[in-house]
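Undergrad: First the structure, which I've put down as structure tokens, then a few questions once you've had a look.
The values are calculated or read from the model by the stated rules, or taken from the named source; none is laboratory data. On a predicted model such as this, the values are computed, not experimentally measured, just so you know. When we count neighbours, we look across all protein chains shown, and the Cβ atoms used for this are built from the backbone with ideal geometry, even at glycine. Note: accessible area is taken over every heavy atom of the protein model, side chains too, but ligands, DNA and RNA are not part of it. Shrake-Rupley method; radii C 1.70, N 1.55, O 1.52, S 1.80 Å.
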Amino acid sequence: MDSHQDDQQLKQRSTKSQQNEPLLQEQYNKSDQDTKMDKNTKSIRKQKAKQGLKSLTIALSIPLLLTLLDIFLFGSSYQYASMKKPFWFPRLWALHLACLGSSFLMGLSAWLVWAEGGFHRQPMAMLLYLGQLGLSLAWDPVVFKAGATRVGLVLCMALFGVLIACVKAFKNVNPIAGNLVKPCLGWAALLSLANLKLVYP
């Protein structure tokens, strides 16, 4: 009698284990799929991070290198260095340093807009960015090399206007990008002040 009951219990256990096998297999497959998905997600995130870092490096290095080249080729001015200036007036090295800082901030803000897809949605934002870069690079050769100080003043006014437009256009895409442009307005004002001193020494 006892042996018969034992046999029945064994049969019930084996039946339960057989019934549980598909569930266990399904759980195993699900966990395996989750693990693969996690690995794929991490891999995609790493790729995106690498692409983002690469694009950021390009966005910062190109305007900085162009600005450094501009300063190296056209950034010296005997007239500006030798003229009498009040103690609070920006020195030539300060102008160059502010110019590099502005290039860095504009490159960073442009990258933020690009990362949000803003240049595709608003092509004018890209034109404004390239416009301010061209105006800022043109100032040194026009003023220091060609000596066209009045033309340089016009360039400063145009640069200030383009930067204000950049603030508005960039802010529509990314508020942080728009705010990063605002210190560049201070640099444009500093440049205008220096240019005025050259026009009216």
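Undergrad: Is there a residue being among the small types (Gly, Ala, Ser), open to solvent by less than 70 Å² (accessible area, probe 1.4 Å) and in contact with a Gly (Cβ under 7 Å, 6 or more places away or on another chain) anywhere in the range 64-85?
TA: No - not one qualifying residue is present in the range 64-85.
Undergrad: Another question, if that's okay. What residue, of 142, 181, 167, is within 25 Å of residue 84 (Cβ to Cβ) and either buried (at least 16 other Cβ atoms within 10 Å of the Cβ) or within 25 Å of the chain's Cα centre (by Cα) (or both)?
TA: Just a single option satisfies the conditions, and that option is 142.
Undergrad: Just one of 134, 147 is of a type outside the set (A, V, I, L, M, F, W, C), closer than 30 Å to residue 78 by Cα and not in a helix (DSSP H, G or I); which is it?
TA: Result: 147 is the single residue among 134, 147 that is of a type outside the set (A, V, I, L, M, F, W, C), closer than 30 Å to residue 78 by Cα and not in a helix (DSSP H, G or I).
Undergrad: I've got another one for you. Under 18 Å from residue 93 (Cα atoms), open to solvent by less than 70 Å² (accessible area, probe 1.4 Å) and out of contact with any Lys or Arg (no Cβ under 7 Å at 6 or more places or on another chain): is that true of residue 174 in this structure?
TA: no
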